[in-house]
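Values in this text are rule-based calculations from the coordinates and carry no lab data. Being a predicted model, the structure only gives us computed values, none of them experimental. No Cβ is skipped: glycine too gets one built from the backbone with ideal geometry, and neighbour counts run over all protein chains shown.
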Amino acid sequence: MPVPVPRQRTGSPVTAGPVAAAPAPAGPVAVDPVPESALGPVPASAVDPVSESAGGGDLTLLVIEDDPTGTFTVPELLGAAGTRVRIRTARNLTEAERLLTDDIHCILVDLALPGSARDRAEGDDLAVLRHVLRIAPKHAVLALAADADSERAAEAVRVGAQDFLHRDELDGRVLSRAIRYAVERKRADSAQVKLAESRLRAQENARLERGLLPTPLLQGSDLRFAARYRPGRSRALLGGDFYDTVRTPDGTVHAMIGDVCGHGPDEAALGVELRIAWRALTFAGMCGDELLSTLQQVLEHERESDEIFATLCTVDIAPDGRRAGLCLAGHPSPLVVRKGRPAQLLPYESGGPALGLLPRARWPRRQVDLGAAWSLMMYTDGLIEGRITPGGDRLGQDGMVDMVNRQLAAGLSGEALLEAAVAEVREMNGGDLTDDVAVLLLDRHRAHG
């Protein structure tokens with residue numbers, strides 16, 4: 001197989017003329033005569049031309065030059081390993097853009113190609129190369145320079161080309177090796193860029209999700225706060241469960257926990273919206289039925305589907321810490337532990353429906369006596385719906401109460417109690433829980449007046 005014999009350019013660049021040597025017919029583009037079947041089918045869905053060459057297969061080179069002496073006189077050449085390099089040529093950037101398809105693996109750009117009048121006026125000797133890099137960001141690019149133009153060739157690599165070749169040193173073996181190297185280097189560079197972008201996105205998402213988790217506002221309160229949060233979706237920090245706790249200027253401590261149906265990113269975003277709305281409405285003086293009715297309006301405006309709903313439990317604890325108002329919107333009732341007594345569920349018979357189910361629903365507020373010293377645990381259904389037997393039985397609220405009483409008898413409280421509860425539920429389930437889990441604990445141990 002003959003190889004291209006390089007010839008030094010002696011005159012000024014020519015803007016028109018045949019692409020191949022004299023025997024070849026004149027025309028704007030040298031058409032590749034090799035049948036497509038010689039290389040095998042090219043996937044129509046290919047979007048990264050470099051990746052297809054990673055296995056050492058045949059390659060296609062697009063040469064952009066206007067050398068009237070015909071540097072590239074053959075449609076293909078053989079590499080050292082017997083791989084075939086097909087050659088397509090274009091005299092200018094317009095023709096190159098038309099020939100730049102996904103089956104092109106590498107582009108060889110002649111740095112002697114004249115740029116536009118504006119580029120020449122601005123003294124940009126690499127304007128043509130920059131243009132090729134813009135229109136072919138996924139292709140490997142080689143720069144072709146005269147032997148005396150080493151500095152310009154090195155600058156081409158700094159601009160973005162994978163490598164450069166000197167015209168006087170060019171032969172078939174050198175060209176084939178340079179193309180293979182350029183393609184592999186582009187593939188490695190692209191992989192590094194994608195990896196860096198993936199890591200950056202993961203870091204940004206983690207920072208965003210951490211920022212969306214609530215910070216309790218309990219300054220001035222004698223209550224102790226603890227929480228555990230575990231999203232159900234893999235590698236996420238935030239799910240459809242949400243919670244918050246704030247103390248208003250009158251000394252009342254307000255706590256809430258909720259669950260948007262589903263546990264994907266859309267549900268997580270909706271949960272954050274509802275939490276922020278709850279905090280704003282609470283500081284505005286709303287509570288009970290008025291607050292829940294307003295939150296339902298927020299949900300109806302923000303949800304993507306009429307089938308989306310959210311359960312919610314709100315508790316407002318009086319400044320003296322002995323009494324609380326409880327509202328349930330389709331949510332499991334909190335668990336309370338009073339001093340000297342086992343854990344038990346607060347009354348839940350008078351709760352209302354989940355938010356988003358009934359347009360004119362009402363949520364009665366029930367008064368609850370807590371006593372002088374107590375612990376109040378609020379949770380989402382992810383904690384009680386884990387499996388506890390191979391047959392599929394779930395923990396349920398009664399099972400959760402028994403579990404918490406065992407842990408209390410073992411002397412656990414606060415953060416340690418929540419950690420042990422979540423860990424035991426996961427262990428009984430035989431692994432990670434599929435649903436989001438949020439648990440909130442408020443403790444009051446000092447008796448007042």
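How would you classify the stretch 292-389 from its alpha-carbon gyration tensor, with a ≥ b ≥ c the square roots of the eigenvalues: rounded for a/c under 1.5, else prolate if a/b is greater than b/c, otherwise oblate? It is oblate, given that a/c is not under 1.5 and a/b is not larger than b/c.
On full extension, the segment bounded by VAL159 and SER305 gains 47.6 nm, given 0.36 nm per residue less the C-alpha separation.
In a fully extended conformation the segment linking ALA318 and ASP289 would gain 8.7 nm over its present Cα-Cα distance, using 0.36 nm per residue.
Computed from the Cβ-Cβ distance with R0 of 30 Å, the FRET efficiency linking GLU415 to LEU358 stands at 0.20. Cβ crowding within 10 Å ranks ILE308, ILE317, ILE135 as ILE135, ILE308, ILE317, fewest other Cβ atoms first. A Förster radius of 25 Å combined with the Cβ-Cβ distance from ARG130 to SER198 puts the calculated FRET efficiency at roughly 0.35. Cα extents for the stretch 171-330 along the principal axes, largest to smallest and rounded to whole angstrom: 90, 38, 24. Potential lengthening of the chain between ASN92 and ALA188 amounts to 31.7 nm, from the contour at 0.36 nm per residue minus the alpha-carbon distance. In terms of its C-alpha gyration tensor, the stretch 342-449 has an oblate overall shape, because the principal axis ratio a/c (a ≥ b ≥ c, square roots of the eigenvalues) is not below 1.5 and a/b does not outweigh b/c. What the Cβ-Cβ distance of ARG118 and HIS166 gives, at R0 = 35 Å and to the nearest 0.05, is a FRET efficiency of 0.75.
For the stretch 368-449, trypsin sites (Lys or Arg not before Pro) meeting the loop criterion (DSSP other than H, G, I, E, B) and having at most 13 other Cβ atoms within 10 Å: ARG446.
Using only alpha carbons, the stretch 229-297 has a radius of gyration to Kirkwood radius ratio (Rg to Rh) of 1.02. Starting from the Kirkwood radius over alpha-carbon pairs of the stretch 213-444, derive D by Stokes-Einstein at 37 °C in a medium of 0.692 mPa s and give it in µm² s⁻¹. Result for D is 185 µm²/s. The stretch 394-449 and the stretch 127-169 have Cα centres spaced 65 Å apart. Partners of LYS194 within straight-line reach, counting lysines whose Cα lies under 22 Å from its Cα and excluding those fewer than 8 residues away in the same chain: LYS138, LYS186.
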